[in-house]
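Each remark here refers to the structure printed beneath this line.
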Amino acid sequence: GAGVSQTPSNKVTEKGKYVELRCDPISGHTALYWYRQSLGQGPEFLIYFQGTGAADDSGLPNDRFFAVRPEGSVSTLKIQRTERGDSAVYLCASSVGQANNEQFFGPGTRLTVL
Amino acid sequence: GEDVEQSLFLSVREGDSSVINCTYTDSSSTYLYWYKQEPGAGLQLLTYIFSNMDMKQDQRLTVLLNKKDKHLSLRIADTQTGDSAIYFCAESDNQGGKLIFGQGTELSVKP
């Protein structure tokens with residue numbers, strides 16, 4: 001079956017612009033996670049959804065970052081007024097739903113802010 | 001806060017065993033994980049261990065957990081060139097949702 005998919009695979013934008021990154025989780029997975037991976041680092045947690053609601057958004061770095069999951073499936077990570085420091089690979093993962101179930105990762109979106 | 005530390009690089013010869021080490025700080029973590037990341041590929045879960053276990057073996061992989069010292073290791077027996085990748089140790093937070101990753105250990109396997 002299909003795994004987690006993310007679009008676009010690459011996004012280049014200019015400083016100050018708005019971007020949206022999309023994640024399609026595995027069908028039937030109720031939990032969805034966003035992580036950010038900078039060069040040479042491990043993934044860093046951003047936000048976690050259980051169904052439509054954000055169960056934990058403690059990793060969002062500031063109010064320029066926002067994520068939604070209106071129907072409990074596809075999620076969009078939105079970044080306003082992008083900064084060069086936002087450049088990273090944004091990873092999405094999904095799991096069956098119970099805490100500590102395996103998280104399946106997508107290939108990521110590489111965001112470059114010029 | 002939670003923190004996970006790993007050494008950055010490891011180089012071994014094909015056929016040797018590799019041991020990748022990790023230390024963590026959150027003693028309430030329920031599960032500890034090892035993920036593999038190959039260039040251009042997504043993170044792949046290799047194995048995990050429940051916090052009340054000391055050891056878990058899965059084919060060529062052996063995970064050892066020393067909960068007292070908060071030390072986790074991954075041993076890969078008979079390491080192959082296809083094992084070259086970055087290996088991440090991760091712990092789940094005490095709520096069981098988010099994963100906290102280490103920086104990753106780059107394993108290089110020389111023929």
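Summary of computed values
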item	result
Matching residues, the range A:36-54, being of a type outside the set (A, V, I, L, M, F, W, C) and over 13 Å from residue A:75 (Cα atoms)	A:36, A:37, A:38, A:40, A:41, A:42, A:43, A:44
Residue in the range A:62-69 that is small (Gly, Ala, Ser) and in a loop (DSSP other than H, G, I, E, B) present	no
Single residue of the range B:31-50 satisfying the filter (exposed (fewer than 15 other Cβ atoms within 10 Å of the Cβ) and either of a type in the set (Gly, Ala, Ser) or at positive phi (or both)) that is farthest from the chain's Cα centre (by Cα)	B:40
Residue within the range B:3-21 that is buried (at least 16 other Cβ atoms within 10 Å of the Cβ), closer than 27 Å to residue A:39 by Cα and among the basic types (Lys, Arg) present	no
Scope the range A:77-98; condition more than 14 Å from every other protein chain (Cβ to nearest Cβ), surrounded by 15 or more Cβ atoms within 10 Å (Cβ to Cβ) and farther than 14 Å from residue A:47 by Cβ; matching residues	A:82, A:86, A:87
The lone exception for residue A:14 - which of (1) away from chain B (no Cβ under 13 Å); (2) exposed (fewer than 14 other Cβ atoms within 10 Å of the Cβ); (3) at pLDDT below 95 it fails	(3)
Residues located in the range B:86-100, provided they are modelled with pLDDT of 95 or more and either out of contact with any strand residue (DSSP E or B) (no Cβ under 6 Å at 6 or more places or on another chain) or at the interface with chain A (Cβ under 7 Å from one of its Cβ atoms) (or both)	B:88
Which numbered condition residue A:41 fails, given (1) buried (at least 18 other Cβ atoms within 10 Å of the Cβ); (2) under 21 Å from residue B:35 (Cβ atoms)	(1)
Every residue from the range A:29-57 that is within 14 Å of the chain's Cα centre (by Cα) and part of a loop (DSSP other than H, G, I, E, B)	A:38, A:43, A:57
Checking residue A:26 against (1) β-branched (Val, Ile, Thr); (2) over 19 Å from residue B:102 (Cα atoms); (3) in a strand (DSSP E or B); (4) within 14 Å of chain B (Cβ to nearest Cβ), the condition it does not meet	(3)
Answer residue from the range B:56-83, given it is surrounded by 17 or more Cβ atoms within 10 Å (Cβ to Cβ) and in a loop (DSSP other than H, G, I, E, B) and is farthest from the other protein chains (Cβ to nearest Cβ) among those	B:79
Hits in the range A:50-76 (condition: at the interface with another protein chain (Cβ under 10 Å from one of its Cβ atoms), touching a strand residue (DSSP E or B) at 6+ places or on another chain (Cβ under 7 Å) and over 16 Å from residue A:89 (Cβ atoms))	A:50, A:55, A:56
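Per-residue answers, yes or no, for (1) assigned to a loop (DSSP other than H, G, I, E, B); (2) within 12 Å of chain A (Cβ to nearest Cβ); (3) in contact with a Cys (Cβ under 9 Å, 6 or more places away or on another chain):
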position: B:11; (1), (2), (3): no, no, no
position: B:21; (1), (2), (3): no, no, yes
position: B:26; (1), (2), (3): yes, no, no
position: B:35; (1), (2), (3): no, yes, yes
position: B:40; (1), (2), (3): yes, yes, no
position: B:46; (1), (2), (3): no, yes, no
position: B:49; (1), (2), (3): no, yes, no
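The values are calculated or read from the model by the stated rules, or taken from the named source; none is laboratory data. Computed from a prediction, not measured in an experiment: that's the story for all the values here. So basically every Cβ, Gly included, is an ideal-geometry build from the backbone, and we count neighbours across all protein chains shown.
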